[in-house]
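Okay, so here's the structure we're looking at.
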Amino acid sequence: MVRGRISRLSVRDVRFPTSLGGHGADAMIGPEKGVVHLATAAVLNAVWDLWAKQEGKPVWKLLVDMDPRMLVSCIDFRYITDVLTEEDALEKQMLAQGYPAYTTSCAWLGYSDDTLKQLCAQALKDGWTRFKVKVGADLQDDMRRCQIIRDMIGPEKTLMMDANQRWDVPEAVEWMSKLAKFKPLWIEEPTSPDDILGHATISKALVPLGIGIATGEQCHNRVIFKQLLQAKALQFLQIDSCRLGSVNENLSVLLMAKKFEIPVCPHAGGVGLCELVQHLIIFDYISVSASLENRVCEYVDHLHEHFKYPVMIQRASYMPPKDPGYSTEMKEESVKKHQYPDGEVWKKLLPAQEN
């Protein structure tokens, strides 16, 4: 038995100036907005509230044996029993290979054509076969950039597109009808993530073109995913390991996706998301889907050097983590340097921005 009690919690605001290199720029967040100033007070208050409920508890009370019944008992089935019950979940537990990944690192909107070509060439050299390009700001620009990437990767490799919620429903259909010539596997977040029926309309229009809908990174609970699945509004389901509240909430979505036979292809673009989501994709493969067909997880090649246990990518695939824990512990040196606003990095950048 694991002994000891939780005795201390520290909360630190750590930010990385990704905008300086155009990393993370998409149709909704331009290069100049790569650093997002969060509602820090609200986040910290939530953490402290959670801490107040856990202080002094024995560590073993927070650990769960991965027995299927024990695991399923952690899931809240309220509001989703019309598509998934506890009995269904237990039935679905048909419970040195990696988990397929795709790269988003080559084609941020903030990159020049030369940078795009250079990064794409390096990714091909490193063995990547699946590439995602950001679209949605300017159609002619999208056509040019997609042509560059398709010419470089050839017709046999997979191309995905991501509009980051930029379009209205008719606009999404029109825009993607013109980009269909580049044979994308999916268009990600073509419209507002809250517009379930809008996604369903776009999906129905694009299926004849061979283009699927991928969405979910902004979905914050299982009920939204339930409705997207019921409405046949997506062909690829994208959980976000942090947007959904807790591992338990993610598990309920994995199980619903299994029931609807929709592949889970997680979002993993932000700082630490790759480290977080790797455990969920391995669990999905081993204990839920038992399949890698049409399944792939996003990978962004930025900032992993700041983590003690970074993801391991081999042959364009996530390798199962070997270290205990949830892989998100950051190096103390990185935390100190990037702590906002007192860290070394921000002490240099903030005065420069003011000037």
Would you mind getting me the FRET efficiency between SER177 and LEU197? Use the beta-carbon distance for r and R0 = 35 Å, nearest 0.05. 0.95
Sticking with the crude label model, points 7 Å out along Cα→Cβ, report the distance from VAL223 to ASP113 in nm, one decimal please. 4.9 nm
Ignoring ligands, DNA and RNA, what percent of the 1.4 Å accessible area of the stretch 206-337 is carbon and sulfur? 51 percent
Nearest-20 debye value, the stretch 219-343 charge dipole, Cβ charges on Lys, Arg, Asp, Glu: 420 debye
Can you bin the stretch 89-212 into rounded, prolate or oblate? Criterion: square roots of the alpha carbon gyration tensor eigenvalues sorted a ≥ b ≥ c, rounded for a/c under 1.5, prolate for a/b above b/c, oblate for the rest. oblate
Please list, by residue number, every one of the GluC sites (Glu not before Pro) in the stretch 290-340 that is coil in DSSP and has at most 13 other beta-carbon atoms within 10 Å. GLU293
At a probe radius of 1.4 Å, what is the per-residue accessible area of ILE313, in Å² to the nearest 10? 50 Å²
How many nm separate the modelled label positions at PHE77 and GLU293, each set 7 Å beyond the Cα in the direction of the Cβ? 2.7 nm
Solvent-accessible ranking of ASP13, ASP142, largest area first, probe 1.4 Å: ASP13, ASP142
Multiplying the sequence separation of LYS259 and LYS336 by 0.36 nm and subtracting their Cα-Cα distance, what value in nm do you get? 23.2 nm
Could the peptides 341-351, 106-116, 126-136 be put in order, highest first, of the mean number of other beta-carbon atoms found within 10 Å of their residues? 126-136, 106-116, 341-351
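The values are calculated or read from the model by the stated rules, or taken from the named source; none is laboratory data. Every value quoted in this text rests on a predicted model; they were computed, and no experiment measured them. A quick note on method: Cβ atoms are made from the backbone with ideal geometry, for glycine too, and the neighbour counts reach across all protein chains shown. To get the accessible areas, we keep the full protein, side chains included, count just its heavy atoms, and leave off ligands, DNA and RNA. Shrake-Rupley method; radii C 1.70, N 1.55, O 1.52, S 1.80 Å.
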